[in-house]
1. Provide the percentage of antiparallel DSSP beta bridges, counting only those with both residues in the range 69-206; round to the nearest 5.
2. What does the charge count near Ala240 come to, summing +1 for each Lys or Arg and -1 for each Asp or Glu among other residues with Cβ under 14 Å from its Cβ?
3. Pop the C-beta distance of Ser236 and Asn295 into the FRET formula with R0 = 35 Å and round what comes out to the nearest 0.05.
4. To the nearest 20 debye, what is the magnitude of the charge dipole of the range 91-174 about its Cα centre, counting +1 on the Cβ of each Lys and Arg and -1 on the Cβ of each Asp and Glu?
5. Val280: net charge of surrounding residues, Cβ under 15 Å, Lys/Arg +1, Asp/Glu -1, itself excluded?
6. Where the only charges are on Cβ atoms (+1 Lys, Arg; -1 Asp, Glu), what is the dipole of the range 226-293 about its Cα centre, to the nearest 20 debye?
7. Have a look at Ser257, Asn227, Cys245 and report the one farthest towards the positive end of the charge dipole of the range 226-293, computed about the Cα centre with Cβ charges (Lys/Arg +1, Asp/Glu -1).
8. Note down the magnitude of the dipole of the range 174-275 about its Cα centre, charges +1 on Lys and Arg C-beta and -1 on Asp and Glu C-beta and zero elsewhere, to the nearest 20 debye.
Amino acid sequence: MIRTENLSRDFGGGRGLQGLTLEIPQGAIFGYIGPNGAGKTTTIKLLCGLLRPTAGRAWINNLEVGPKNLNQIKRLVGYMPDMFGVYDQMSVWEYLDFFCAAYHIPAKHRDVRIKTVLQLTNATHMLDYQVNSLSRGMHQRIGLAKTLLHDPQVLILDEPASGLDPYARIEMRQTIMRLRDIGKTIMLSSHILPELASVCDRVGIIEKGRLLAFGTVADVTRKVQENMELSVTVDSDPAAAVTVCQAFPGVQKVSLSGNEIHLTFTAPRSTVADLTRKLVEAGVRVQELKEEQVNLEQVFLSVTSQVRDGKEKP
Ligand SMILES: Nc1ncnc2c1ncn2[C@@H]1O[C@H](COP(=O)(O)OP(=O)(O)OP(=O)(O)O)[C@@H](O)[C@H]1O
Ligand SMILES: [Mg+2]
């Protein structure tokens, strides 16, 4: 549904987007993660046809993004910018009605359309609120409702959860999943990393204009996690357990916290059973041995630290 090939926008001095190639299938939720200035908004603007690439191409539903197809692209895509204005002295209904008119939705269909989008975004009760009186969470919901007015197949949301409190974030996440369930393909950018893991089928990590990792959360995590992190909880004699672990081939970085031993295991996965046997033979009562899951935040830090130099540029 979204495809790019070597998509690039050079702003000079290495800034912008460099050679982005990716594919996002219909019905997926794609999380685009990157630090400030990484190139997320640039990518989004290129996909919506709001910026011209300096190289490469992009397609939405097999339609190439470019001046020739811009009207069709606008019909296919619903774009919610990271910052958007609302109009003073307008009710939510008037605001949405105004955008219905901009999308050439006939007046007789607008009432149903507005009610539908408000229902999808859980904002039906806001119909008569003044738009300039909305809280940040309400504002984002109305922004999303506006993005849905022309029933686009693809939703591109730039930082939709930014500035939201935990309740509003959960609400936004549920809305995004509801939209996926009715068949939308969704791309969203975010800084709030753990937020994305639970909702995205695919993630891309970008820094300094380059895509550093792309795939399912599990794929990306596996790529980064060369070694297993194990934790062993023992009933008795943690010191003996530490000694056994330290002596085991392929075990590195052993640390003890209470009766829990944490270790990095670089030997083949099949030999974890041998470590358990050694512990039992040494008289250690093993309560639990488990692999610690690396989370998306750790993956992000691990991937991006390779190109971070600590010098921020505008
Ligand atoms: N119109 C422009 N002219 C010149 N440079 C630009 C322009 N737009 C963006 N840039 C530069 O391109 C780089 C990527 O910017 P972009 O806005 O895409 O980052 P981002 O990942 O969306 O960051 P943030 O998380 O802060 O929103 C930055 O270095 C930025 O300064
Ligand atoms: Mg941005």
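1. Around 10 percent antiparallel, to the nearest 5.
2. Working: positive: Lys278, Arg285; negative: Asp235, Asp237, Glu281.
That sum, taken over residues with Cβ under 14 Å, equals -1.
3. 0.70
4. 140
5. Overall, the nearby charge balance is -2.
6. Dipole magnitude for the range 226-293 comes out near 160 debye.
7. So the residue we want is Cys245.
8. It works out to roughly 660 debye.
The numbers here are math on the coordinates, done by the rules we state, and not lab data. Remember, it's a predicted structure, so these values are computed and weren't measured experimentally. Heads up, the Cβs are rebuilt from the backbone with ideal geometry, glycines too, and the neighbour counts pull from every protein chain shown.
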